[in-house]
1. Given B:130, B:99, which one is among the β-branched types (Val, Ile, Thr) and assigned to a strand (DSSP E or B)?
2. Does residue B:123 satisfy the criteria of being under 24 Å from residue B:65 (Cα atoms) and not polar (S, T, N, Q)?
3. Go through (1) touching a helix residue (DSSP H, G or I) at 6+ places or on another chain (Cβ under 8 Å); (2) farther than 28 Å from residue A:195 by Cβ; (3) surrounded by 15 or more Cβ atoms within 10 Å (Cβ to Cβ) and name the single condition residue A:63 misses.
4. Listed residues B:194, B:209, B:219; which is within 10 Å of another protein chain (Cβ to nearest Cβ) and in contact (Cβ under 8 Å) with a residue 60 or more places away in the chain?
5. Being surrounded by fewer than 19 Cβ atoms within 10 Å (Cβ to Cβ), of a type in the set (A, V, I, L, M, F, W, C) and over 23 Å from residue B:143 (Cβ atoms) narrows it down to one residue among B:249, B:174, B:179, B:230; which is it?
6. Take the residues of segment A:50-83 that are over 19 Å from residue B:100 (Cα atoms) and among the aromatic types (Phe, Trp, Tyr): which is nearest to the other protein chains (Cβ to nearest Cβ)?
7. What is the one condition in (1) surrounded by 20 or more Cβ atoms within 10 Å (Cβ to Cβ); (2) within 14 Å of chain B (Cβ to nearest Cβ); (3) of a type outside the set (Gly, Ala, Ser) that residue A:205 does not satisfy?
8. Quick one: in segment B:60-90, of everything that is farther than 23 Å from residue B:18 by Cβ and out of contact with any helix residue (DSSP H, G or I) (no Cβ under 9 Å at 6 or more places or on another chain), which residue is nearest to the other protein chains (Cβ to nearest Cβ)?
Amino acid sequence: MIVAITGMILILFVIGHLLGNLQIFIGPHWINGYSQHLRDLGPLLWAIRLFLLTAVIIHIWVTIHLAIENRRARPEAYIDRRYVKATFASRHMVMSGLIVLAFIIYHLAHFTVRVTDTRFTLLKADPLGHYDVYSMMVYGFQNYFVSGFYVLGLFLLALHLSHGSSSFFQSLGLNDKKLTPRLALGGRIFAWLLFAGYTSIPLAILLGLIKPAQQL
Amino acid sequence: MNFKLKIWRQTNAQTPGKLVDYDVRDISPHTSFLEMLDILNEQLLGRGEEPIAFDSDCREGICGTCALTVNGEAHGPDHPGAVCELYMRKFRDGATITIEPFRVGAFPIVKDLVIDRSPLDRIVQAGGFISARAGSAPEANSILIPKHDADLAMEAAACIGCGACAAACPNGSAMLFTAAKVSHLSLLPQGYPERESRVLKMVRVMDAEGFGNCTNTYECEAVCPAEISASFIAKLNREYARARLRKSAGE
């Protein structure tokens, strides 16, 4: 239940984050203005960050605890094991979750703290005086390794959510026999739409459809 | 038909077991899986070897005694159905078949393929009953039960308590069993008085017996011989949340 609620908080963040990022397709002033707007929230932004961080910590702490209990519940493994219904995603939530965690840490160091790419400090403010997030994203994703790890991270996040999003309803008992298969399908579609939405950004950059707003 | 069998042999809970190879020949396709094991056991007895210990009783899928993992699936490949309802015609001639016990930490192996499923009994003892004196059958219209509830309670009551849900669960969780027992009683008016205490007690004993946690893989409902739906687990979660809330509200 705790896992489901903290998971849903993080899912809502992931949706909001995608909607914010997709503004890169509208133009530099949109996404730069959006990011300035977030920074202008000041203490509220930090409150949200702290809230999300707490959700992440609780989500991981509780699931690790549960996963250890689950391992102990079957001390001797089957020699031959065949799954009838359990999906790959549902059986590898800890694996996908931990790789996503590694990705999030890198992603924050890359674009939020900006310590992995020294070029980002050279970026000048845009004509409206906002930090040029647009060009930062373009320069960041022009690196194939950065984009590759991003796509991999997002792939595992989608895998995680293809099970996790519909699991939320089951864990809180918000479904019935008819609704369950529909929620499972909906969850899968939702997860892969997120994947498509997020990966469209590095893809558009690598294809040269989005060019930096300023030269370094 | 001929088969190569790999069967788990284990003297008792203390000594480690291993898979042992056996050959069975000239088996009729209409032989049931357990009859095939009976034939093998007679041959073993004839050769003066220890027969293979396995559980079975009614052999018509209603008692929930038989419990084998065949080729990695609880109750074998013919779902829904208990392993006693599995026939050799389901397999290819000459196939290799692996037979293991239900592997759940809470179900210790007694011998070979026989496991101790008394943890399930203790879950039921914790609250899977009603305290109302039901007496003889009352006038049918004196307690009105909506058809939908009656059907749902009947579906949950179909659970035969074989433990395949826990055996198939990647986490060794007995949630489907507990969910069926909780739902079946909480849906009917006779079960209302203990509605909250029942779910809290049964879940507490389930955890204490060392079963794992549900991660919603639905592997349990796929192997359940009584076709209990995993939506009963959602109902159990709902009942549990409701009971906890009401308890903390001081009722």
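1. Exactly one residue qualifies, and that residue is B:99.
2. Here the answer is yes, as residue B:123 does meet what is asked.
3. (2)
4. Residue meeting the stated conditions: B:209.
5. Just one listed residue meets the conditions, B:249.
6. Of everything passing the filter in segment A:50-83, A:61 is nearest to the other protein chains (Cβ to nearest Cβ).
7. Exception for residue A:205: condition (2).
8. So the residue we want is B:81.
Coordinate-derived values only; no laboratory data. Model, not experiment: these values are computed from the prediction. We place every Cβ from the backbone using ideal geometry, glycine too, and count neighbours over all the protein chains shown.
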